[in-house]
Structure formats: structure tokens, C-alpha cells
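The values are calculated or read from the model by the stated rules, or taken from the named source; none is laboratory data. Note that this is a predicted model, so its numbers are computed, not measured. As a convention, Cβ positions derive from the backbone with ideal geometry for all residues, glycine included, and neighbour counts pool all protein chains shown. Ligands, DNA and RNA are stripped out before the accessible areas are found, and what is left, the full protein with its side chains, is counted by its heavy atoms. Shrake-Rupley method; radii C 1.70, N 1.55, O 1.52, S 1.80 Å.
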Amino acid sequence: MSKLNPHDALIYLMVITSAADREMTDVELARIGNVLKTWPVFQDFDEWKLIRVAQECQERLQAKDGLRSILVEVSSVLPERLHDTAYAAAFEVAAVDLEMRMEEVRVLELIRDVLAVEPDVIDAIERSTKARHRTLT
């Protein structure tokens with residue numbers, strides 16, 4: 001497996017959040033695609049690489065200590081200024097189906113711990129994401 005670059009690292013976090021409950025839903029996959037298309041951090045990412053990167057992530061998750069090794073590598077690859085962006089991307093995927101399972105909550109805790117995202121930043125990200133996902137009904 002090749003060393004991750006910052007784009008890969010962000011995608012890995014979204015994939016592991018989606019896969020936390022052993023089920024990557026179509027809604028979650030669509031949200032990952034939407035993040036890639038609309039977030040400025042991905043403006044120079046080739047969308048055609050998404051499937052390859054996601055498959056590599058899933059393979060690495062199957063290895064012994066896969067999740068832990070991915071999180072360690074992600075934290076070393078991402079510049080500190082993108083740690084909040086990374087958490088926001090992961091939370092975006094977890095929140096999209098309006099149902100946060102315990103497995104997703106646990107993965108989000110691991111992500112914010114390994115990236116050392118400050119509690120007030122976490123609160124702001126979570127509150128704004130939930131507000132964006134609300135409907136009238």
C-alpha cells in the first residue's frame with residue numbers, strides 16, 4: 001500500500017466513518033461524492049480516484065490493527081490546519097442519514113482524539129452540520 005496523501009487521508013476518514021456500522025449506505029456514499037465535488041479542499045482531486053482510494057481503505061481496515069494504523073497515518077499526513085476539516089468531513093458522512101449509530105459515534109471519537117480537535121470546534125462542527133441536515137417535517 002502506498003503512503004497516503006492529504007486527499008486520501010480525508011477520504012479514508014469519510015470511508016471509515018461510513019463503514020463503522022459495517023454498512024456503507026447509498027446516502028453516505030452520495031455524501032462523500034458531494035463533499036468531493038463541493039468542498040474547496042478537494043478542488044484539485046481527481047474524482048475518478050475515489051473508488052480506488054475507498055477500496056484501498058476497506059482493504060486496510062481488514063488488516064490487524066487496521067483502523068488504528070489508518071488513524072495514526074492520517075494524523076501524520078494531514079497538516080494541523082486541516083484537522084478540523086477532516087473531522088467535519090467525517091461528521092458530515094455520519095450525519096447525512098439522520099441516524100447516528102453507536103459505532104459511528106465511537107469512530108468519530110477516535111478521529112477527534114487522534115487529530116486533537118478542540119471541544120469547542122467539535123461542538124461548532126456538529127451543530128452546524130446538524131442544522132444543515134434539518135428538514136421542515
*Since LEU78 meets every condition but one in (1) in contact (Cβ under 8 Å) with a residue 60 or more places away in the chain; (2) surrounded by 18 or more Cβ atoms within 10 Å (Cβ to Cβ); (3) closer than 24 Å to ASP21 by Cα, which condition does it not meet?*
(3)
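Quick check on region 90-101. Is at least one of its residues out of contact with any strand residue (DSSP E or B) (no Cβ under 9 Å at 6 or more places or on another chain), open to solvent by 60 Å² or more (accessible area, probe 1.4 Å), assigned to a helix (DSSP H, G or I) and without any contact (Cβ under 8 Å) to a residue 24 or more places away in the chain?
Of region 90-101, the ones out of contact with any strand residue (DSSP E or B) (no Cβ under 9 Å at 6 or more places or on another chain) are 90-101.
Keeping just the survivors that are open to solvent by 60 Å² or more (accessible area, probe 1.4 Å) gives 98-101.
Now restrict to residues that are assigned to a helix (DSSP H, G or I): none.
Checked against the condition, which is being out of contact with any strand residue (DSSP E or B) (no Cβ under 9 Å at 6 or more places or on another chain), open to solvent by 60 Å² or more (accessible area, probe 1.4 Å), assigned to a helix (DSSP H, G or I) and without any contact (Cβ under 8 Å) to a residue 24 or more places away in the chain, region 90-101 yields no hits at all.
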*Is it the case that region 55-67 has a residue that's farther than 18 Å from ILE125 by Cα, touching a helix residue (DSSP H, G or I) at 6+ places or on another chain (Cβ under 6 Å) and of a type in the set (Lys, Arg)?*
yes
_Residue count for region 108-123, restricted to those that are assigned to a helix (DSSP H, G or I) and either touching an Asp or Glu at 6+ places or on another chain (Cβ under 9 Å) or closer than 17 Å to LEU78 by Cα (or both)_ = 9
*Which of the residues belonging to region 19-43 are touching a residue at least 12 places away in the same chain (Cβ under 8 Å), open to solvent by 70 Å² or more (accessible area, probe 1.4 Å) and either within 17 Å of GLU56 (Cα to Cα) or aromatic (Phe, Trp, Tyr) (or both)?*
ARG22
*Using the structure shown, decide if ALA90 is among the small types (Gly, Ala, Ser), within 15 Å of ASP21 (Cβ to Cβ), at pLDDT below 95 and in contact with a helix residue (DSSP H, G or I) (Cβ under 9 Å, 6 or more places away or on another chain).*
no
